[in-house]
Amino acid sequence: MLGRLNHVAIAVPDLEAARSTYAATLGAAVSPVEDQPDHGVRTVFVELPNTKIELLGVLGDASPIRGFLDKNPAGGIHHLCYEVADIRAARDRLVAAGLRVLGDGEPKIGAHGRPVLFLHPKDVCGTLTELEEA
Ligand code: CO
């Protein structure tokens, strides 16, 4: 069921500084900073030959990464995203296996314009896991 690793998301306290670390220090191709008001984050995408890194900064008071940054003030790995061919079929299979889908259980349009779901970290090896329909 699982396809490619679509991205690793890293939450950071200072998005511009993180962008500069990846662009100037690590020598990666990075996107401009983009606000994602529907998701309460600002993003920078780091393009690697085999996957992407998604740098996440806080946008607004209700940002879903604020609590994570309170616990991890230097930033850290926030979630992994795997591609699936059919997100509703994947969800139904995982829910039947006892996994919890966050929110109302319906796919939402994610930062890449594709339907996404998040699985409860306690149900997936302690790691917040995103599924994206490829
Ligand atoms: Co993501």
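Right, Leu59: surrounded by fewer than 12 Cβ atoms within 10 Å (Cβ to Cβ) and touching a residue at least 24 places away in the same chain (Cβ under 8 Å) or not? No: the conditions fail for Leu59.
Rundown of residues vs (1) over 23 Å from Ser20 (Cα atoms); (2) more than 14 Å from the ligand (Cβ to nearest atom); (3) at pLDDT 95 or above, yes/no style:
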residue: Lys52; (1), (2), (3): no, no, yes
residue: His78; (1), (2), (3): no, no, yes
residue: Asp92; (1), (2), (3): yes, yes, yes
residue: Glu130; (1), (2), (3): yes, no, yes
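Kindly check whether there is at least one residue in region 36-45 that is surrounded by fewer than 20 Cβ atoms within 10 Å (Cβ to Cβ) and among the hydroxyl-bearing types (Ser, Thr, Tyr). Within region 36-45, not a single residue is surrounded by fewer than 20 Cβ atoms within 10 Å (Cβ to Cβ) and among the hydroxyl-bearing types (Ser, Thr, Tyr).
Taken residue by residue, region 101-124 has no member that is at pLDDT 95 or above, closer than 24 Å to Leu2 by Cα, within 16 Å of the ligand (Cβ to nearest atom) and charged (D, E, K, R). Residues considered: Ala74, Ala9, Ala18. Of these, the only one that is modelled with pLDDT of 95 or more and either part of a helix (DSSP H, G or I) or of a type in the set (D, E, K, R) (or both) is Ala18. Quick check on region 64-84. Is at least one of its residues free of Cβ contacts under 8 Å to residues at least 60 places away in the same chain, exposed (fewer than 14 other Cβ atoms within 10 Å of the Cβ) and aliphatic (A, V, I, L, M)? Within region 64-84 (the criterion being free of Cβ contacts under 8 Å to residues at least 60 places away in the same chain, exposed (fewer than 14 other Cβ atoms within 10 Å of the Cβ) and aliphatic (A, V, I, L, M)), the answer is no, since none of the residues qualifies. Beta carbons closer than 8 Å, at least 6 apart along the sequence or on distinct chains, pair a first residue in region 1-28 that is under 16 Å from Ile77 (Cα atoms) with a second that is among the basic types (Lys, Arg) and within 15 Å of the ligand (Cβ to nearest atom) for Asn6/Lys52; His7/Lys52; Val8/Lys52; Leu15/Arg42.
The values are calculated or read from the model by the stated rules, or taken from the named source; none is laboratory data. Since the structure is predicted, the reported quantities are computational estimates derived from the model, not experimental observations. We place every Cβ from the backbone using ideal geometry, glycine too, and count neighbours over all the protein chains shown.
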